Structures are given as structure tokens and as C-alpha cells.
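See structure below.
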Amino acid sequence: MPYLTQLADVARRTGYPVTEVAGWRSRGHGPQPEVQGIVCHHTAGPAGGGDYPSLAVVRDGRPGLSGPLSQFGLGRSGRIYVIAAGRCWHNAPSTSPRHDNSSSIGIEAENNGTQPWPAAQLDAYRRLCAELCREFGLPASRVKAHREVNTAKPDPHSIDMNAFRAAVAALIAGTTGPTWTEKIVRELPLIRLGDDNNDVKTVRGCLFARGHVPAAAYAGVPDGLAGWLNSSRCDDGLVELVRGFQRAQGLDDDGLVGPLTWASLLRVSAGAAAVASGTSAAPPVEAPASR
């Protein structure tokens, strides 16, 4: 099997934005001999700061283990990083002949090993696995956690792989569709500083329900919390609360309430929202050659 130069096209079929890391088409420890399985990892990287701070390590390796360490990286926002088209050192020794370095594709999702998984990142994880299964003719049962095919590893932490594989299988079969809440997300507007409408009230209510409104936010507001919740204006204070929520969810903290932030606020899958917003149509961004 040659270098897997179709991987970026496969990733785009998820509907999530894709970054093609410079040089990925020829990066690898030789070509990938075959694809019989998919191995899901977490990076065990930094606890905070950025969408995919582990890129340099996954691309270039670490002391004692040369890179690339995985074909794909998965950012906290759901952005997919295409890192290598060849063989990667992501699972050895493997307890499964279908999930060793020469037989499988690795996905390194950004997570320090204890953090909650953002909804967008999990949705992108499942969709990427489903598209890879479609591309290489694999059943969902071939999607394995690193811990399932390597007795020395714990990753990816806290993900129920049976439920994960069931969701992948449903995506492969095409039996999933947008829920009524996802349909609502498609119709919600972008909320930014200075807007004044009832959707701003929805943002306020969701932030409060998610525990992201401290008492100091409405101290001094006429009628207290009730007055704060009934305000339809997006002011500086609300933007700062949105930024804090975005950081907690692993999203870009731009203070704008768009499809991915709406999805996290409403706790629904972000996949349909990403497609509806047009983020999947954004051109791939070339990552810098070094960081």
C-alpha cells in the first residue's frame, strides 16, 4: 500500500475543518503497509492553551521515539490535523495483529488524560473513525482504544468504547440524522458584542444553567439575577463570560456565539452545526513547519 495521500479528503468528509500539516503526504516511517484497524489515543499533553498544542510532539516525536507518532491529530475544537500519510509509531507492542503500527491508523486526540471531552471533539472523533472505516472497508468493530490493544496504556480516558463503536456503526450505516436540537442550532444566529435580541437571553440562560455565571456578574444589576437574565443586550460582561465558557469547552475563545459554541451551550452534537455553518467549507490551513 502506498502513502495514504487521500487522508485529508477522508477527513473533510466529516464536516469538520481540516489542517494539512506541511509535508504530511511524504511523512512516515516508510509507506503504510495496510489498514486493518484504527487506534484511538489521547495525547497526554498540556492541560490548557490552544487547540492542538501536542502537534510538534506527534509530528516530530520525543526523546527515544522518533515521529511521526500518528497519522491524525484531533484538536479540542474538533479540527482534524492530517500529520502523516505513512506508517507511524503509535502502538507497540500491540496485542492485536490488526492494530499494530504496520496495520492500523492512529488518531491522537488532544487531552491531558483527565480533562472532560468537549462535545465537538467527541463528535469529530466518531465521525473521523466512521469515514476511515468507509474508506478502508472496515467494520466499526475494528475501531479500538489504545488501552484495548496495548496492555500498558490507559487511553483514551473515560470513553466508553462500546458506545463509541455503536455510534460509529450508526454513522457508517447512515442511520443517524440531525436531532431536533441540532436543527434548532442550524437556525440560530451568530451572537456578538452589541447585539440586542432575544437570542442573547438564550445565551445568558444557557451560561447560567451550565454554571458559568458567578454572582459578581449580576451584582448591582437592577432585580439581580432576574434582571441579568432578562437583558437582551450582548455587552462586554457577557462576552467575557462566553470566552470563559469557550475555554472550558476547548473552543476558540473569541467571544462569539456561533454554531460550535451554541452546540456546547445546548449540549448537542456539533457535527450538523459545523456543516450548517459552513466551517467544513473553509480551506485547509497549512501548519508551520516548526513551532
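Looking only at the stretch 8-31, count how many residues are in contact with a Lys or Arg (Cβ under 9 Å, 6 or more places away or on another chain) and within 19 Å of residue 60 (Cβ to Cβ).
8
For the stretch 8-47, what are the residues that are assigned to a helix (DSSP H, G or I) and crowded, with 24+ Cβ neighbours inside 10 Å?
Residues satisfying the conditions are 11, 24.
Output the residue which, of all residues in the stretch 152-185 that are under 19 Å from the mean Cα position of the chain (by Cα) and within 30 Å of residue 236 (Cα to Cα), is modelled with the lowest pLDDT.
If we take residues in the stretch 152-185 being under 19 Å from the mean Cα position of the chain (by Cα) and within 30 Å of residue 236 (Cα to Cα), then 182 is modelled with the lowest pLDDT.
Report the residue count in the stretch 208-225 for those that are farther than 24 Å from residue 267 by Cβ and either in a helix (DSSP H, G or I) or not hydrophobic (A, V, I, L, M, F, W, C) (or both).
5
Please go through the stretch 73-99 and give me each residue that is of a type in the set (D, E, K, R) and either closer than 30 Å to residue 245 by Cα or outside the structural domain of residue 155 (by TED's automatic domain parsing) (or both), ordered by number.
76, 79
Can you give me the ranges of the strands (runs of 3 or more DSSP E) entirely in the stretch 70-112 with at least 3 residues that are under 23 Å from the mean Cα position of the chain (by Cα) and of a type in the set (A, V, I, L, M)?
104-109
Determine whether residue 70 is surrounded by 22 or more Cβ atoms within 10 Å (Cβ to Cβ) and closer than 14 Å to residue 156 by Cβ.
Answer is yes for this residue.
If the Cβ limit is 6 Å and pairs must be 6+ apart or interchain, which residue in the stretch 202-228 that is farther than 20 Å from residue 243 by Cβ pairs with which residue that is of a type in the set (A, V, I, L, M, F, W, C)?
Every condition considered, the pairs that remain are 227/221.
The values are calculated or read from the model by the stated rules, or taken from the named source; none is laboratory data. Fair warning: this is a prediction, and the values are worked out from it, not measured in the lab. Every residue, glycine as well, gets a Cβ built from its backbone with ideal geometry; the counts of neighbours run over all protein chains shown.
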